[in-house]
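Read through the structure below, which is laid out as structure tokens, and then see the notes.
Every number here is computed from the coordinates shown, using simple stated rules; none is lab data. As the structure is a computational prediction, the values presented were derived from the model and not from experiment. Positions of Cβ are generated from backbone atoms using ideal geometry, with glycine treated the same way; all protein chains shown enter the neighbour counts.
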Amino acid sequence: DGGITQSPKYLFRKEGQNVTLSCEQNLNHDAMYWYRQDPGQGLRLIYYSQIVNDFQKGDIAEGYSVSREKKESFPLTVTSAQKNPTAFYLCASSMEFSPLHFGNGTRLTVT
Amino acid sequence: AQSVTQLDSHVSVSEGTPVLLRCNYSSSYSPSLFWYVQHPNKGLQLLLKYTSAATLVKGINGFEAEFKKSETSFHLTKPSAHMSDAAEYFCVVSAPGGYNKLIFGAGTRLAVHP
């Protein structure tokens, strides 16, 4: 079945460490996205990519980095510069002008 | 500029009674509108979408929404709630630009009681 796989489901890190969240899709979608979700808030866009080797900052890109070396993969690195990294991270993909398909998320806890 | 407001952060209903989740939007253009559902610790699933065709949109699991331009509303309804409907629901507006221009509401948490 086609879908989006995010791994791991839960991730724990110490403050000051970089951490990379994985996102893989087999839907052959061109665009991929990373969102952050905090309790009581809607989703906020971190980064998005419309084609391989190209990506753009979203609304809250500071402290995050991404790469898009393959169409299927869009990993997100949460760097030590992110002041409040504990959150639920959602990856999504889409074709142009089509609704987003979401993965099941990674819950990151930084202590 | 586009924006979306979900008027209730929490809604509680009894099983078998109607569901109404309210959403108002603001848009300078003719918008595309969506409702997504999120179960605990899961991703978001598309319930339905409005893209300037019929104003009454039917979605999955018995949900539907009506686009009312005069009221700038896109409320989500279901005639009879089921226990499995308990989840968080997001109203989303898409601005011109295609891929990335999505604006999410803050969400409405629906509780369904026996």
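Roughly what would the spin-label model give for B:Ser14 and B:Ala106, points 7 Å off Cα along C-beta, in nm?
My value for the distance between the label points is 3.0 nm.
Evaluate the relative contact order of chain A (contact order divided by residue number), counting alpha-carbon pairs under 8 angstrom at least 6 apart; express in whole percent. Walk me through the numbers on the way to the answer.
Details: 284 pairs, mean separation 39.2, N = 111.
Computed value for chain A: 35 percent relative contact order.
Obtain the nm distance between the two label points defined at B:Ala53 and A:Gln56 by a simple spin-label model: each point lies 7 Å from its Cα along the Cα-to-C-beta direction.
The modelled label-to-label distance comes out at 2.7 nm.
Compute the distance in nm between two label points, each set 7 Å from the Cα along the Cα-to-Cβ direction, one at A:Asn84 and one at A:Leu11.
Rounded to a tenth, the inter-label distance reads 2.0 nm.
Counting only other chains, what is the mean number of Cβ atoms within 10 angstrom of the Cβ of each residue in peptide B:26-32? Write out the running numbers ahead of the final one.
Values: counts 0, 0, 0, 0, 0, 0, 2.
What the average comes to for B:26-32 is 0.
Along the positive direction of the dipole of chain B (beta-carbon charges: Lys, Arg +1; Asp, Glu -1; about the Cα centre), which of B:Tyr36, B:Phe63, B:Leu102 reaches farthest?
B:Leu102
Most mobile of B:Glu88, B:Glu71, B:Glu15 per a Gaussian network model of chain B (Cα springs, under 10 Å)?
Taking springs between Cα atoms under 10 Å, the residue moving most is B:Glu71.
Would you list the P(r) distribution for the stretch B:1-75, with all Cα-Cα distances sorted into 10 Å bins from 0 and each bin expressed as a whole %?
Spelled out bin by bin, the stretch B:1-75 gives 16, 50, 29, 4 percent.
Please report the spacing between the Cα centers of the stretch A:40-109 and the stretch B:14-36 in Å, no decimals.
The stretch A:40-109 and the stretch B:14-36 have Cα centres separated by 25 Å.
Please report, largest first and rounded to whole Å, the three semi-axes of the ellipsoid equivalent to the protein assembly as shown, where each semi-axis is the square root of five times an eigenvalue of the C-alpha gyration tensor.
Sorted largest first and rounded, they come to 30, 20, 16 Å.
With charges set only on the Cβ (+1 for Lys and Arg, -1 for Asp and Glu), what does the dipole of chain A come to about its Cα centre, in debye to the nearest 20? Walk me through the numbers on the way to the answer.
Values: 11 positive and 11 negative charges, 83 e Å.
For this selection, approximately 400 debye.
Running a GNM on chain B with Cα contacts under 10 Å, which residue among B:Leu102, B:Leu47, B:Leu21 ends up with the highest mean-square fluctuation?
Result for chain B, Cα springs under 10 Å: B:Leu102 fluctuates most.
Please check: in the Gaussian network model of chain A (C-alpha springs, under 10 Å), which one of A:Ala61, A:Ala81, A:Ala92 has the largest mean-square fluctuation.
Highest fluctuation of the listed residues: A:Ala81.
Within 10 Å of each Cβ of B:36-43, how many other protein chain Cβ atoms are there on average?
Numbers: counts 4, 0, 6, 1, 0, 6, 5, 15.
Average neighbour count from other chains, rounded to a whole number: 5.
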